[in-house]
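Asks: Mind having a look at this structure? Questions to follow.
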Amino acid sequence: MLRITKLPITIFALFIIFFPWIARQIPAIDHYTDIMVFAGIYCLITIGLSLLMGYAGQISLGHAAFYGIGAYVSAILTVRYGLNPWACMCIGVAVTAAVALLVGAPSLKLKGHYLAMATLAFGIIIFIIFNEEIEWTGGPDGMAGIPGLSIFGFELDSVEKYFYLVWGFVLAAFVFTVNVIQSGTGRALRAIHASEPAASAMGVDVSRFKIMIFVYSAVLASLAGSLYAHYLNFVNPSTFDLFFSIKLLIMIALGGMHNIWGAVIGAGLITFLSYEWLHYFEEFDVIVYGAILLLVTIFLPQGLAGVPGIVKDWFRS
Amino acid sequence: MDTVREENVLEVQKLVMTFGGLMALSNLNFQVKKGSIKAIIGPNGAGKTTLFNIITGSFPPTEGTVKFKDRSIQHLKAHKIADRGISRTFQTVELFGNMTVLENVMLGCHTRVRTSFMASGFVLPQSRRKEKRIRESALKILKFIGLTDKFKDSADSLPLGEQKLLEIGRALASEPELICLDEPAAGLNETETHVASSLIKAINAKGITVLLVEHDMKVVMNISDEIVVLNYGQKIAEGPPEDIRNNSRVIEAYLGAEA
């Protein structure tokens, strides 16, 4: 079902290394590096979320909120308290992990899709808090003046530098996740997916594993939120609404949830569609998303990541 | 040595299980001696699988206790009971179809060797060593159950007979003290049944206590040391195979009052 080999990861890494250089050579696409920063940020979220959906078999409708918590913790602590951005990022992760545990633990101990309901409600609550707690969050107007990041005094002051930072995070998260999948933990997750009664009869603590993956995916979303806040230097609530949570699910459905590559492909494609290629449709882009989702679920239930397998089978027969 | 052999590894005391108004088990008592093979038989709906599910922690009983090595386990969840040393197979095969034969057995080692999330994410040397150890012991088990050359196949692709063997292998991987087999011979042909019976005997010879539910009387009479007969959730007989064979209540339960 899942065999992540070294070669595609190497090709992927090389592609990332040379992308800004290639984009610079072609004036028509030189702003693609900027879009790729956002693609990377979304990718960080979808990697965790696809692990949750594809392996733990759970749907979260609240990842925009975890993304938002990361972003707002970074924003508030740097702007209002002048703390070090990296420290804020870590605090954001800790806060998100605690919140995820609080939201996820009760619903993941039950069988069925209670997590989807709990996270749906949670996402709406967090969205309201972002809007209403004006003293802290700046309300609907958002917060400006979030400082950029620097590494040991080396200021990340260009799009390209952020590009490498964000994709460095993505690569690290990708490799970490692949390692987890290919270890005993991943085996336990696949076992849960195949048969919960058998997995628990073999000593796998099913709810503990589900909670663990949920918290991990929330932590990645929080990191993405912090990176977003520091890159844009500005946050406002509408970024973190329910529609964004759904958009994340569309990314994963499009890419394919049973393969971690699907998370990368889906995030990249949807980002480029919404920032660039679907601009032509303006407000009607939602219809295009719907059409894409419909076509993928009918014709490619494995998502785009399943295409190589289909092609291989087709050649064999 | 005699005192050790007489020790009970499992004790079921005054067990009651009701589903709504239906009494699936009523006031059931029996013991399983350490190192023995005990069979539970009875007509369909007698409560055999319910009993298995309670012992292995799928759900708690309405009343009564289940003691494993003198400690009550009836309130524990399935994975905790597996940790204590009870392993099981299922009536309808519950393999991890999406995984290979080897991986299925490797998962069985879960109770013994665990790697933390962080250790596996960072591929610490410790997690690599553990993975190697798990692989080696899983291969040993595949050899024992005779599926070594199929280790790469997906579990789904095996014929039923081999799937049943694999399920037993997976259960063995946790190195249990008590293994509960739910109809190990169901759906098997004569050769496969023979293979399964000898495997169960071989497992028992390793010192593992076996509790099994089985409909195939030839298997039951051949391999078990003691038999418990259930009917409508009640124990109607208990004893060695030769006693059960001639017990009038048992014959009545199976064939009706006329017989």
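The values are calculated or read from the model by the stated rules, or taken from the named source; none is laboratory data. All of these numbers come straight from a predicted model, not from anything done at the bench. Glycine gets a Cβ as well: all are built from the backbone with ideal geometry, and neighbour counts include every protein chain shown.
Asks: From the set of residues in the range A:297-317 that are closer than 12 Å to A:Trp261 by Cα and within 23 Å of the chain's Cα centre (by Cα), which is surrounded by the most Cβ atoms within 10 Å (Cβ to Cβ)?
Replies: Residue satisfying both the conditions and the ranking: A:Gly303.
Asks: Which one of these does B:Val250 not meet: (1) within 29 Å of B:Arg84 (Cβ to Cβ); (2) crowded, with 20+ Cβ neighbours inside 10 Å?
Replies: The one condition B:Val250 does not meet is (1).
Asks: Just for helices (runs of 4 or more DSSP H) wholly inside the range B:88-160: which have at least 3 residues that are at pLDDT below 90 and surrounded by 17 or more Cβ atoms within 10 Å (Cβ to Cβ)?
Replies: Values: elements: B:101-108, B:117-121, B:125-145.
Fully inside the range B:88-160 and qualifying: B:117-121, B:125-145.
Asks: I've got another one for you. Do we find that B:Glu167 is facing chain A (nearest Cβ under 10 Å), acidic (Asp, Glu) and assigned to a helix (DSSP H, G or I) in this structure? Steps first, answer last, please.
Replies: Values: facing chain A (nearest Cβ under 10 Å): yes; acidic (Asp, Glu): yes; assigned to a helix (DSSP H, G or I): yes.
Criteria met by B:Glu167.
Asks: Further question on the same structure: I'm told B:Gly42 meets every condition in (1) within 12 Å of chain A (Cβ to nearest Cβ); (2) surrounded by 24 or more Cβ atoms within 10 Å (Cβ to Cβ) except one. Can you identify the failing condition by its number?
Replies: Failing condition for B:Gly42: (1).
Asks: Out of B:Ala185, B:Ala196, B:Ala173, B:Ala205, I need the residue that is within 14 Å of another protein chain (Cβ to nearest Cβ) and not acidic (Asp, Glu). Which one?
Replies: None of the other options fit; the residue is B:Ala173.
Asks: Continuing with the same structure: Condition test on B:Glu63, is it farther than 30 Å from B:Phe151 by Cα, surrounded by fewer than 21 Cβ atoms within 10 Å (Cβ to Cβ) and under 16 Å from the mean Cα position of the chain (by Cα)?
Replies: For B:Glu63, the condition - farther than 30 Å from B:Phe151 by Cα, surrounded by fewer than 21 Cβ atoms within 10 Å (Cβ to Cβ) and under 16 Å from the mean Cα position of the chain (by Cα) - is not met.
Asks: Kindly list the number of the only condition in (1) at pLDDT below 90; (2) surrounded by 21 or more Cβ atoms within 10 Å (Cβ to Cβ); (3) part of a loop (DSSP other than H, G, I, E, B); (4) not β-branched (Val, Ile, Thr) that fails for A:Ser60.
Replies: It fails just one condition, (1).
Asks: Checking the condition farther than 16 Å from A:Ile213 by Cβ and under 23 Å from the mean Cα position of the chain (by Cα), which residue from A:Gly138, A:Gly70, A:Gly153 passes?
Replies: Just one listed residue meets the conditions, A:Gly70.
Asks: Quick check, is A:Val264 among the β-branched types (Val, Ile, Thr) and within 14 Å of chain B (Cβ to nearest Cβ)?
Replies: Taking the combined requirement at face value, the residue does not satisfy it.
Asks: Do we find that A:Phe18 is assigned to a helix (DSSP H, G or I), exposed (fewer than 14 other Cβ atoms within 10 Å of the Cβ) and not assigned by TED's automatic domain parsing to the domain that holds A:Tyr228 in this structure?
Replies: Judged against the criteria, A:Phe18 is a match.
Asks: With respect to B:Gly57, is the statement that it is surrounded by fewer than 22 Cβ atoms within 10 Å (Cβ to Cβ), assigned to a loop (DSSP other than H, G, I, E, B) and modelled with pLDDT under 95 true? Spell out how you get there, then give the answer.
Replies: Working: surrounded by fewer than 22 Cβ atoms within 10 Å (Cβ to Cβ): no; assigned to a loop (DSSP other than H, G, I, E, B): yes; modelled with pLDDT under 95: yes.
Against the criterion (surrounded by fewer than 22 Cβ atoms within 10 Å (Cβ to Cβ), assigned to a loop (DSSP other than H, G, I, E, B) and modelled with pLDDT under 95), B:Gly57 does not qualify.
Asks: Here's something else I'd like to know. Looking at B:Ile145, B:Ile141, which one is within 27 Å of B:Glu7 (Cβ to Cβ), more than 9 Å from every other protein chain (Cβ to nearest Cβ) and β-branched (Val, Ile, Thr)?
Replies: Only one candidate qualifies: B:Ile141.
Matching residues to (1) over 20 Å from A:Gly48 (Cα atoms); (2) in contact (Cβ under 8 Å) with a residue 60 or more places away in the chain; (3) assigned by TED's automatic domain parsing to the domain that holds A:Lys247:
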{"position": "A:Arg80", "(1), (2), (3)": "yes, no, no"}
{"position": "A:Pro85", "(1), (2), (3)": "yes, yes, no"}
{"position": "A:Ile91", "(1), (2), (3)": "no, no, no"}
{"position": "A:Ala94", "(1), (2), (3)": "no, no, no"}
{"position": "A:Ala97", "(1), (2), (3)": "no, yes, no"}
{"position": "A:Leu101", "(1), (2), (3)": "no, yes, no"}
{"position": "A:Tyr114", "(1), (2), (3)": "no, no, no"}
{"position": "A:Met117", "(1), (2), (3)": "no, no, no"}
{"position": "A:Ala121", "(1), (2), (3)": "yes, no, no"}
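Asks: Next question, about the same structure. Identify all residues within the range B:170-191 that are more than 24 Å from A:Ser200 (Cβ to Cβ) and outside any loop (DSSP other than H, G, I, E, B); write none if there are none.
Replies: B:Glu190, B:Thr191
Asks: Quick check on my filter: what residues within the range A:34-57 are β-branched (Val, Ile, Thr) and surrounded by 20 or more Cβ atoms within 10 Å (Cβ to Cβ)? Step through it out loud before you land on a result.
Replies: Step one: filter the range A:34-57 for residues β-branched (Val, Ile, Thr), giving A:35, A:37, A:41, A:45-47.
Listed by number, the residues that qualify are A:Val37, A:Ile41, A:Ile45, A:Thr46, A:Ile47.
Asks: Then there is this: Which ranges mark the helices (runs of 4 or more DSSP H) fully within the range A:74-179 that have 3 or more residues being basic (Lys, Arg) and exposed (fewer than 13 other Cβ atoms within 10 Å of the Cβ)?
Replies: By residue number, no helices (runs of 4 or more DSSP H) qualify.
Asks: While we're on this one: Let me confirm something: among A:Gly57, A:Gly70, A:Gly82, which residue is on the phi > 0 side of the Ramachandran plot and away from chain B (no Cβ under 14 Å)?
Replies: On inspection, the qualifying residue turns out to be A:Gly82.
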